[in-house]
Amino acid sequence: NSPINTGAAAIAPFMGVYFPIVYTSAEDELMACRKSAWLGSFLTFSPVYDISGPDAVKLLNYVTVNRDYSKLKVGGSRHAILCNEKGQMLADGVLMRKDENTYRTYWLAPVLSYYVDTLGMDVHGEWVTDEFFFQIDGPKSLEIMEKAAHCDLHDLKFAQNKPIVVAGIKANIHRLGMSGCLAYEMHGDVKEGGAFFEAVVKAGEEYGIKKLGFMQYCRNHTQGGYPNQWIHFWYPWLNGDKALAEYV
């Protein structure tokens, strides 16, 4: 019942998890973000890490280039960047404020978890291993998600998120179209991921929604304006032994 494999023309392993290479065709899936919308599941394997406690803001202000996390409202997010003392990037990803003292991060750990464990601040870190992570992108994505969730999402601005319910399944929807386009992420209980995924597909049928394979995911990140590690840039410590020695 995995949403990752359903209907895929071909699948392949990536980091120990199987993902679709292609569902229909490259042209079909790539053009969906221009004509209708695509729905992807590739980021479900993302490293998700929560940080909470009295010193959460202090630690985040210390280890990232962003300022000031106390001003980030609950339901808001930032694209956080972690650098070493030389100004070289260690990690980058999305950070959401869940409540007064809790922040959920994507792709910032294990670097962030290292700081939580070693800086001696009054913070607690916790890995999140039970969350699905789906993406929808395209001019019809707003209409599709409003139909699926039976609610008005026009108020959701860039970098904001709020709870929704799709097919009886609670989830969080996050608007993150970095080029100003309509694009959203959905996060929820991985055990209900298959049913959620198929409910969105059903809601999008009349709009021409397409499932997105891994190969087209990488290309869509470029035209969608999403700067992405491993696709648009590599960290300096991946450029050989000499670079690694200089990095650390």
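None of the figures in this text is laboratory data; all of them are computed from the coordinates on show. Everything numeric here is computed off the predicted structure, so don't read it as measured data. So basically every Cβ, Gly included, is an ideal-geometry build from the backbone, and we count neighbours across all protein chains shown.
Points worth noting:
- Selection of chymotrypsin sites (Phe, Trp or Tyr not before Pro), segment 57-113, meeting DSSP coil and at most 14 other Cβ within 10 Å: none
- Once the Cβ-Cβ distance of K170 and Y62 is raised to the sixth power relative to R0 = 35 Å, the FRET efficiency obtained is 0.55.
- Amide H contacts under 5 Å for Y235, placed H, 5+ residues apart: W230
- Net length available on complete extension from T118 to K202 is 25.5 nm, with 0.36 nm assigned per residue and the Cα-Cα distance removed.
- At an R0 of 35 angstrom, the distance between the Cβ atoms of E146 and S25 translates into a FRET efficiency of 0.80.
- Cα gyration tensor category, rounded, prolate or oblate, for segment 22-113 with a/c compared to 1.5: prolate
- For a modelled paramagnetic label at D130, 7 Å from Cα along Cα-to-Cβ, the residues of segment 163-192 in reach, with backbone nitrogen under 18 Å, are 169-172, 187-192.
- Taking amide H atoms as placed 1.01 Å from N in the peptide plane, the amide H of F19 lies under 5 Å from those of A12, F14, each 5 or more residues away in sequence or on another chain.
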